[in-house]
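S.K.: Can you keep this structure in mind? I'll have questions shortly.
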Amino acid sequence: MTNSKFFDVPVDERYRAPALDKGLDILELLATQPHGLTRAEIVKEMDRSASEIYRMLERLVARQYVMRNPSGDRYALSLKLFALANMHPPLSRLINQALPVMDDFARKAEQSCHMGVYDRGNVLIGAQINSPRGWSFSVQRGARVGLLDTASGHLLLAFSDPGSYARMLAEHTPLDGEVPITEEKLQATLAAIRERGYLERESAQSFGVVDISFPILGPDNTALATLTCPYIRRIDRHIGPDMTEVREHLRETARTLSFKQNNVSI
């Protein structure tokens with residue numbers, strides 16, 4: 001017999017694993033500390049008892065996720081998490097997760113969509129899905145498009161940290177046909193994107209296309225990638241989703257692929 005009270009508990013609270021939570025909390029805390037922390041500092045930051053922190057730290061050291069300095073009084077992350085993350089190329093993992101979700105969007109919206117990632121000063125189209133209706137505008141997978149004149153590029157810049165922003169601009173080289181933009185206009189565009197959380201405007205490359213673009217956000221609220229729908233409106237007798245509906249479908253798709261953050265709403 002099913003316990004109905006179980007379903008009254010929020011999903012995040014149904015399957016609590018306190019020990020696992022403590023271990024993950026320690027890893028996330030140490031990830032923000034390039035020089036590590038002492039055990040006392042970890043206890044203070046986490047507001048937990050010294051004994052439970054000691055036991056968890058010893059297990060993380062034993063499994064080589066955390067290393068102890070030679071004097072034994074300071075703990076820092078080892079390279080094990082880095083090694084695990086790089087056992088599979090990050091872009092490949094992102095694409096594999098994104099494709100079925102993008103395909104669902106294309107079926108609902110009856111439009112194509114593509115995913116852009118930063119690549120050597122511009123934007124690489126890492127994934128692309130055509131409309132199942134056969135009528136759509138699409139950007140080919142593998143194409144490189146401009147950082148400073150495309151919706152994808154502007155989203156990546158708008159949702160970047162200051163260091164990444166400066167690096168992207170420094171590495172940028174204009175592509176063939178790139179539309180120039182002044183620094184003043186670029187800053188105004190990026191500010192508007194941050195305020196709205198997305199970009200919707202006529203394409204700077206193709207007549208009759210409206211670019212709708214949302215960020216795929218990482219755990220630090222910066223853009224891992226962008227999802228863009230080059231929206232085209234049909235004028236025959238077929239009645240499909242309008243631009244407002246397409247925008248909301250794309251918003252939900254980007255939200256599904258983003259890390260969930262309590263203070264972020266896209």
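The values are calculated or read from the model by the stated rules, or taken from the named source; none is laboratory data. The structure presented is a predicted model; accordingly, all values stated were derived computationally and were not measured. Here Cβ is always computed from backbone atoms with ideal geometry, including for glycine, and neighbour counts include all displayed protein chains. Heavy atoms of the whole protein, side chains included, go into the accessibility calculation; ligands, DNA and RNA do not. Shrake-Rupley method; radii C 1.70, N 1.55, O 1.52, S 1.80 Å.
S.K.: Is at least one residue of region 112-126 part of a loop (DSSP other than H, G, I, E, B), touching a Pro at 6+ places or on another chain (Cβ under 8 Å) and at negative phi? Explain how you work it out, then say what you get.
M.R.: Start the filter on region 112-126 by keeping residues that are part of a loop (DSSP other than H, G, I, E, B), which leaves 112, 120-121.
Filter again for touching a Pro at 6+ places or on another chain (Cβ under 8 Å), leaving 112.
Filter again for at negative phi, leaving 112.
Yes, because at least one residue in region 112-126 is part of a loop (DSSP other than H, G, I, E, B), touching a Pro at 6+ places or on another chain (Cβ under 8 Å) and at negative phi.
S.K.: Of the residues in region 192-208, how many are under 16 Å from Arg247 (Cβ atoms), assigned to a loop (DSSP other than H, G, I, E, B) and either at pLDDT 95 or above or open to solvent by 30 Å² or more (accessible area, probe 1.4 Å) (or both)?
M.R.: Of the residues in region 192-208, 2 are under 16 Å from Arg247 (Cβ atoms), assigned to a loop (DSSP other than H, G, I, E, B) and either at pLDDT 95 or above or open to solvent by 30 Å² or more (accessible area, probe 1.4 Å) (or both).
S.K.: Name the single residue that is least open to solvent (accessible area, probe 1.4 Å) among those in region 150-162 being assigned to a loop (DSSP other than H, G, I, E, B) and at pLDDT 95 or above.
M.R.: As a first pass, look at region 150-162 and keep what is assigned to a loop (DSSP other than H, G, I, E, B): 150, 159-161.
Adding the requirement that they be at pLDDT 95 or above leaves 150, 159-160.
Values: Thr150: 14, Phe159: 32, Ser160: 30 Å².
Applying the filter and picking the extreme gives Thr150.
S.K.: Which condition breaks for Phe159 when tested against (1) of a type outside the set (S, T, N, Q); (2) within 16 Å of Gly116 (Cα to Cα); (3) in contact with a His (Cβ under 9 Å, 6 or more places away or on another chain)?
M.R.: Here Phe159 meets the rest and fails (3).
S.K.: Next question, about the same structure. Do you know which residues across region 68-84 are under 14 Å from Leu30 (Cα atoms) and among the small types (Gly, Ala, Ser)?
M.R.: Ala76, Ser78
S.K.: Name every residue in region 110-137 that is closer than 17 Å to Ala98 by Cα and polar (S, T, N, Q), in order of residue number.
M.R.: Selection gives Gln111, Ser112, Gln128, Asn130, Ser131.
S.K.: Scan region 131-169 residue by residue and report those that are without any contact (Cβ under 8 Å) to a residue 24 or more places away in the chain and not polar (S, T, N, Q).
M.R.: Gly134, Gly142, Ala143, Pro162, Gly163, Tyr165, Ala166, Arg167, Leu169
S.K.: Give me the pairs: first residue in region 46-65 and free of Cβ contacts under 8 Å to residues at least 60 places away in the same chain and within 18 Å of Ala31 (Cβ to Cβ), second residue of a type in the set (Asp, Glu) and assigned to a helix (DSSP H, G or I), beta-carbon distance under 7 Å, and six or more apart or on different chains, which are they?
M.R.: Filtered contacts from region 46-65: Met46/Asp25.
S.K.: Report, by residue number, each residue of region 169-191 that is in a helix (DSSP H, G or I) and either in contact with a strand residue (DSSP E or B) (Cβ under 6 Å, 6 or more places away or on another chain) or surrounded by fewer than 15 Cβ atoms within 10 Å (Cβ to Cβ) (or both).
M.R.: Pass one, region 169-191, residues in a helix (DSSP H, G or I): 169-171, 183-191.
Correct list: Ala170, Glu171, Glu183, Glu184, Lys185, Gln187, Ala188, Ala191.
S.K.: Among the residues of region 241-258, how many are outside any helix (DSSP H, G or I) and surrounded by 15 or more Cβ atoms within 10 Å (Cβ to Cβ)?
M.R.: Keep residues of region 241-258 that are outside any helix (DSSP H, G or I), which gives 241-242, 258.
Subsequent filtering for residues that are surrounded by 15 or more Cβ atoms within 10 Å (Cβ to Cβ) retains 241, 258.
Number of matching residues: 2.
S.K.: When you check Gly142 against the structure, is it in contact with a strand residue (DSSP E or B) (Cβ under 7 Å, 6 or more places away or on another chain), within 24 Å of Phe207 (Cα to Cα) and exposed (fewer than 14 other Cβ atoms within 10 Å of the Cβ), yes or no?
M.R.: Values: in contact with a strand residue (DSSP E or B) (Cβ under 7 Å, 6 or more places away or on another chain): yes; within 24 Å of Phe207 (Cα to Cα): yes; exposed (fewer than 14 other Cβ atoms within 10 Å of the Cβ): yes.
When the stated conditions are applied, Gly142 passes them.
S.K.: Here's something else I'd like to know. Considering only residues that are part of a strand (DSSP E or B) and free of Cβ contacts under 8 Å to residues at least 60 places away in the same chain, which ones fall in region 209-230? Steps first, answer last, please.
M.R.: Our first condition is that a residue be part of a strand (DSSP E or B); within region 209-230, this holds for 210-217, 223-230.
Val210, Phe214, Leu217, listed by residue number.
S.K.: Here is a further query. Residues in region 141-157: is at least one farther than 16 Å from Val209 by Cβ and touching a Lys or Arg at 6+ places or on another chain (Cβ under 7 Å)?
M.R.: Checking region 141-157: not a single residue is farther than 16 Å from Val209 by Cβ and touching a Lys or Arg at 6+ places or on another chain (Cβ under 7 Å).
S.K.: Could you please let me know if Thr32 is open to solvent by 80 Å² or more (accessible area, probe 1.4 Å) and either among the polar types (S, T, N, Q) or under 30 Å from Leu250 (Cβ atoms) (or both)? Before you say what the answer is, go through the steps one by one.
M.R.: On the way: open to solvent by 80 Å² or more (accessible area, probe 1.4 Å): yes; either among the polar types (S, T, N, Q) or under 30 Å from Leu250 (Cβ atoms) (or both): yes.
So Thr32 passes the test.
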